[in-house]
Amino acid sequence: MGYHSRNHAGVPYGFVFTDIAAKIGEPWSITLSHEVLEAMADPETNLLVVGPSPDNPKRPVLRFYEVADPVQGDSYSIDGVAVSDFVTPLYFAQLAPNVATQTDYMRTGVPRFGVRPQGYYAYIDLASGKEGTVFGKGAEERVMLKDKAFASLGLLRRVRKHAANGLLQANR
């Protein structure tokens, strides 16, 4: 129900579609906080993290540095305003498996490089040249619901293009 990017001068900006948020019954403040958090973490929308492949944890893939997507669907309240949960930098850390860390603000227990129900992450597998998305339980249905809401309002859902897409093209 929103997105963030940067303009040609590198200035970050974002949009929140309050009408779509209302249509699917989610407070727009969750979307706003989601986009603000991600714009603060990656203002130029070009950061990537090396992480384990969802198909083979011993093979690396590139993950977009999105701090709210893996825990999308989890929210909390600040003075009565619903806001998005977010992952911490340790979520993206490749530490020994027995090292305990706080991977998200709400302490939901999301594993490093994992997803919560309703959450997701996108990745690029440079070995195969393919892009993929891993969805938590219910997340794919949620994306379809959002797409229907966008279509019913005559809008196309924006697909974010990251600088990493250039890497993918160069690898083909």
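The values are calculated or read from the model by the stated rules, or taken from the named source; none is laboratory data. Quantities reported herein were computed from a predicted structural model and do not represent experimental measurements. Here the Cβ is made from the backbone with ideal geometry for all residues, glycine too, and neighbour counts use every protein chain on show.
Do you know which residues across the stretch 104-132 are touching a strand residue (DSSP E or B) at 6+ places or on another chain (Cβ under 7 Å) and over 17 Å from Pro60 (Cβ atoms)?
Asp104, Met106, Val110, Val115, Tyr120, listed by residue number.
Restricting attention to the stretch 80-100, and to residues there that are touching a residue at least 40 places away in the same chain (Cβ under 8 Å) and surrounded by 14 or more Cβ atoms within 10 Å (Cβ to Cβ), which single residue is farthest from Val49 (Cα to Cα)? First the steps, then the outcome.
Initial filter on the stretch 80-100 (touching a residue at least 40 places away in the same chain (Cβ under 8 Å)): 81-84, 86, 92, 94.
Then drop every residue that is not surrounded by 14 or more Cβ atoms within 10 Å (Cβ to Cβ), which leaves 82-84, 86, 92.
Numbers: Ala82: 29, Val83: 25, Ser84: 22, Phe86: 16, Phe92: 7 Å.
If we take residues in the stretch 80-100 being touching a residue at least 40 places away in the same chain (Cβ under 8 Å) and surrounded by 14 or more Cβ atoms within 10 Å (Cβ to Cβ), then Ala82 is farthest from Val49 (Cα to Cα).
Is it the case that some residue within the stretch 133-149 is over 17 Å from Gln72 (Cα atoms) and either at pLDDT below 95 or in contact with a helix residue (DSSP H, G or I) (Cβ under 7 Å, 6 or more places away or on another chain) (or both)?
yes
All but one of (1) over 18 Å from the mean Cα position of the chain (by Cα); (2) modelled with pLDDT of 90 or more hold for Ser33; state the number of the condition that does not hold.
Only one criterion is unmet by Ser33, namely (1).
Residues Asp125, Asp104: which one is more than 15 Å from the chain's Cα centre (by Cα), buried (at least 19 other Cβ atoms within 10 Å of the Cβ) and on the phi < 0 side of the Ramachandran plot? Break it down stepwise before answering.
On the way: Asp104 fails: more than 15 Å from the chain's Cα centre (by Cα).
Of the residues listed, the single one that is more than 15 Å from the chain's Cα centre (by Cα), buried (at least 19 other Cβ atoms within 10 Å of the Cβ) and on the phi < 0 side of the Ramachandran plot is Asp125.
Would you check which residues across the stretch 1-32 are closer than 21 Å to Phe64 by Cβ, of a type in the set (Ser, Thr, Tyr) and in contact (Cβ under 8 Å) with a residue 40 or more places away in the chain and list them?
Correct list: Tyr3, Ser5, Thr31.
Conditions tested, residue by residue: (1) in a loop (DSSP other than H, G, I, E, B); (2) out of contact with any Phe, Trp or Tyr (no Cβ under 7 Å at 6 or more places or on another chain).
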residue: Pro43; (1), (2): yes, yes
residue: Val50; (1), (2): no, yes
residue: Pro57; (1), (2): yes, yes
residue: Val61; (1), (2): no, no
residue: Val67; (1), (2): yes, no
residue: Gly73; (1), (2): yes, yes
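Condition test on Val71, is it buried (at least 20 other Cβ atoms within 10 Å of the Cβ) and either farther than 13 Å from Tyr121 by Cα or of a type in the set (A, V, I, L, M) (or both)?
Yes, satisfied.
Give me the residue from the stretch 33-52 that is touching a residue at least 60 places away in the same chain (Cβ under 8 Å) and crowded, with 19+ Cβ neighbours inside 10 Å and, out of that set, nearest to Gly14 (Cα to Cα).
Thr45
Return a yes/no flag: does the stretch 58-72 have any residue that is of a type in the set (Ser, Thr, Tyr), under 17 Å from His4 (Cβ atoms) and out of contact with any Gly (no Cβ under 9 Å at 6 or more places or on another chain). Break it down stepwise before answering.
Here is the first cut: in the stretch 58-72, the ones of a type in the set (Ser, Thr, Tyr) are 65.
From what's left, under 17 Å from His4 (Cβ atoms): 65.
Still in the running and out of contact with any Gly (no Cβ under 9 Å at 6 or more places or on another chain): 65.
Scanning the stretch 58-72 turns up at least one residue that is of a type in the set (Ser, Thr, Tyr), under 17 Å from His4 (Cβ atoms) and out of contact with any Gly (no Cβ under 9 Å at 6 or more places or on another chain).
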